[in-house]
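The values are calculated or read from the model by the stated rules, or taken from the named source; none is laboratory data. Just so you know, these numbers come straight off a predicted model, no measurement behind them. Every residue, glycine among them, receives a Cβ derived from its backbone with ideal geometry; neighbour counts consider all protein chains shown. When the accessible area is computed, the model is the full protein with side chains, heavy atoms only, and any ligands, DNA or RNA have been set aside. Shrake-Rupley method; radii C 1.70, N 1.55, O 1.52, S 1.80 Å.
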Amino acid sequence: MPTARTTCRPTRKSRRCGPRTPDRRLRDAALSALAVQFLNGLASASALFLVACGLSIIFGVSRIVNFAHGSFYMLGAYLAWTLTRGLGWVGYGPLGFWGGILVAALIVGLIGVLIELVLLRRIYQAPELFQLLATFGVVLVVQDVTMAIWGAQDLLGPRAPGLRGAIDVMGQRFPEYEMLLILIGPVVLGLLWLLFNRTRWGTLVRAATADREMVAALGVDQRKLFTSVFFLGTFLAALGGGLQLPREPVQLHMDMAIIADAFVVVVVGGMGSVGGAYLAALLIAQLQAFMLLVPDFEIAGLTISIAKMTLIPSFLVMAVVLIARPYGLLGKAPSHARTQASVEPVVRATPPILAKLGFASVAAMILLPLIADEYGLMVATEILIFVLMAASLHFMMGPGGMASFGHAAYFGLGAYGAALAAKHFDVPMEAGLVAGPVLAALGGILFGWFCVRLSGVYLAMLTLAFAQIVWSIAFQWVAVTGGDNGVLGVWPSIGKTEFFYLSLAFAVIGVLLLRRAIYSPFGYALRGARDSALRADAIGIDVKRVQWAAFAIAASFAGLAGALFAYFKGSVFPTYAAIPKSVDALMMVLLGGVQTISGPLVGAVVYMGLHEQLVRVTELWRLVLGLAIIALVLAFPQGIAGFAAKRWAKAEDA
């Protein structure tokens, strides 16, 4: 028996000696649990920092919101799994393990260089959102290529040679490998500091982060600089993925799981700030680690489990930081004085031939149930719902100039508003179709009040934070939302053909109302605030109030689409408010064209049509869809409808 701890010699500094009473044992156990959670937080912070600092460096220099960064992280983990097993000729010792991880990171870094040369270099001058669209295409391609090579099953990686044991931390065992990870983070931070502050290349990168145009004016080859920065960023992401081998299985969802946390760290720390990324990673990781120790409590008879809501505080921190310090804890305001003078093109009235084509399309849709089978009718219904969602997002992004990375929040709120009203209050479908948009509009009013105080990518990031909060609540508040099991049995009170006509009516009326709002005095004020907030304010337009109203309007129409989708599917799940749904809406608007009224309609039809057909034809539908998106971005940088409108204007001028 370990009697040594029960007897000790008391000193002046320590009065804790003596027999270990039950209270003292509880206190010691609590302290050891806190110490272990603190170390766990440090280890997670190091892993998160490696991924996030690469993303931060790439954005700071190239201004690319690299959505594919999570894919490089995942690819690094898969390649490291293969190489650590394949380097058997050097044995499964330290050289084979660490050599495999480093070689994997180098290979992924070269893949990143190839993508930068072939794709991103062609669209550096395109709007930031089109770069996001291109990187999302890369995400889809990497997902299917990875599945084709390694399969869909989870892969267990080897344990680190020489680090398979544990050390004693106040009576509890702590893995040696985790201790090594704790050290790797500060070491990489120190190496990056030396690279950026003691080399000419680092000086150029810091100068480009502060002012790209000035660096170009000094004769620096920006292309080579961007390529080298992209290599470093993807190398760090892959290194972070490879180091996860002993900690978790390698699987196909690693990319989307890490990219949200990486965005949070980058935004909280400050885009382009490596030190800020480490500070934010520490903050987020420690917050998530210690939340697991918070006991459950009750409020008004409702049990609240903080330990099960670990996803919410991260995005709450991100939202608070963006509101209080829009450029992050250690970030600086970007120097865009020479590039912010651009004014979006005027939204022209719909040409007569296009209006006739629109009427013909509606007439064809009315006749569709006469010729289409049940599957075709369901596909058409789904496309109509997403037309309404895309039109609502376009109202914010096009006339409003406010990019949203989190539009799925309002879609999800609308779906849950209708589903929960049906489940808890047994309301009919008609009332559910009112409850959904109302709940979404309330969400838009709340979130919009904070968002309109920011602009550009920072506004977009705040919308992402609020969307993730909504998703986290839907996913982790199991008692109300059903959690991952969702809300089932939300069926419409009418048949499929009648529901198709109902969706058609809502889509047509919704699009016409949004179009009417764009050409109303409110729409002109909104477009004026988009083009020049200073001038709009000077002529008496309350810019913030107009943008806030636009948020609420767009949210209510997205909520209506969500409510329709809930009855269409007969169920609601947290995925309705997740990042992929927001990305789907963005793809529709950008593919169609942001600065055209018909853009979101064309984009929704093309995107959803491609998606539905490819899923039926091939298992590698993500690969084909991703390549199609990349091709469309390169061929139609203004979107499909934008390209057609430009050609139409040229033909008229000629």
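A few notes on this one:
- Residue in segment 230-243 that is among the aromatic types (Phe, Trp, Tyr) and more than 32 Å from the chain's Cα centre (by Cα) present: no
- Residue ID - nearest to PHE466 (Cα to Cα), chosen from residues in segment 555-599 that are assigned to a helix (DSSP H, G or I) and among the hydroxyl-bearing types (Ser, Thr, Tyr): SER582
- Those residues of segment 305-326 which are basic (Lys, Arg) and either in contact with an Asp or Glu (Cβ under 6 Å, 6 or more places away or on another chain) or modelled with pLDDT under 80 (or both), in sequence order: LYS308
- Those residues of segment 121-161 which are small (Gly, Ala, Ser) and either surrounded by 15 or more Cβ atoms within 10 Å (Cβ to Cβ) or touching a Phe, Trp or Tyr at 6+ places or on another chain (Cβ under 9 Å) (or both), in sequence order: ALA126, ALA134, GLY137, GLY157, ALA160
- Failed condition for ILE371, given (1) more than 23 Å from THR481 (Cα to Cα); (2) out of contact with any helix residue (DSSP H, G or I) (no Cβ under 6 Å at 6 or more places or on another chain); (3) buried (at least 24 other Cβ atoms within 10 Å of the Cβ): (3)
Let's see how each residue does on (1) in contact (Cβ under 8 Å) with a residue 12 or more places away in the chain; (2) closer than 22 Å to ALA257 by Cβ:
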residue	(1), (2)
ALA577	yes, yes
LYS581	yes, yes
MET587	yes, yes
LEU590	yes, no
THR596	yes, no
PRO600	yes, no
VAL605	yes, no
GLN613	no, no
ARG616	no, no
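- Checking segment 150-165 against the condition returns no match, with no residue being under 14 Å from SER71 (Cβ atoms) and aliphatic (A, V, I, L, M).
- Tally, over segment 129-172, of residues that are not in a helix (DSSP H, G or I) and not basic (Lys, Arg): 20
- Failed condition for LEU439, given (1) open to solvent by 40 Å² or more (accessible area, probe 1.4 Å); (2) farther than 20 Å from GLY570 by Cβ: (2)
- Residues that are among the aliphatic types (A, V, I, L, M), at pLDDT 75 or above and open to solvent by 80 Å² or more (accessible area, probe 1.4 Å) within segment 341-365 comprise just one, LEU357.
- Scanning segment 167-203 for residues that are open to solvent by less than 30 Å² (accessible area, probe 1.4 Å) and in contact with a Lys or Arg (Cβ under 9 Å, 6 or more places away or on another chain) returns TYR177, GLU178, LEU181, PHE196.
- Condition check for LEU329 on (1) surrounded by fewer than 21 Cβ atoms within 10 Å (Cβ to Cβ); (2) modelled with pLDDT of 90 or more; (3) farther than 26 Å from GLY489 by Cα: one failure, at (2).
- Residue count for segment 458-492, restricted to those that are at pLDDT 85 or above, closer than 17 Å to ALA422 by Cα and open to solvent by 50 Å² or more (accessible area, probe 1.4 Å): 4.
- Here the condition is being within 21 Å of VAL229 (Cβ to Cβ) and small (Gly, Ala, Ser); of ALA166, ALA152, ALA105, it holds for ALA105 alone.
- Annotation note: of LEU513, LEU534, the sole residue that is modelled with pLDDT under 90 and surrounded by fewer than 18 Cβ atoms within 10 Å (Cβ to Cβ) is LEU534.
- Scope segment 415-433; condition open to solvent by 30 Å² or more (accessible area, probe 1.4 Å) and either in a helix (DSSP H, G or I) or at positive phi (or both); matching residues: LEU420, LYS423, HIS424, PHE425, ASP426, GLU430, ALA431
- Residue within segment 242-250 that is touching a residue at least 24 places away in the same chain (Cβ under 8 Å), assigned to a helix (DSSP H, G or I) and buried (at least 24 other Cβ atoms within 10 Å of the Cβ) present: yes
- Among residues of segment 29-56 that are touching a residue at least 24 places away in the same chain (Cβ under 8 Å) and open to solvent by less than 30 Å² (accessible area, probe 1.4 Å), those with a Cβ under 6 angstrom from a residue that is in a helix (DSSP H, G or I) and hydroxyl-bearing (Ser, Thr, Tyr), sequence gap 6+ or separate chain, pair up as PHE49/TYR278; VAL51/TYR73.
- Annotation for segment 402-410: at least one member residue is at pLDDT below 90 and either assigned to a helix (DSSP H, G or I) or open to solvent by 10 Å² or more (accessible area, probe 1.4 Å) (or both).
- In segment 76-90, residue farthest from VAL139 (Cα to Cα) [restricted to those that are modelled with pLDDT of 80 or more and in contact with a Gly (Cβ under 7 Å, 6 or more places away or on another chain)]: THR84
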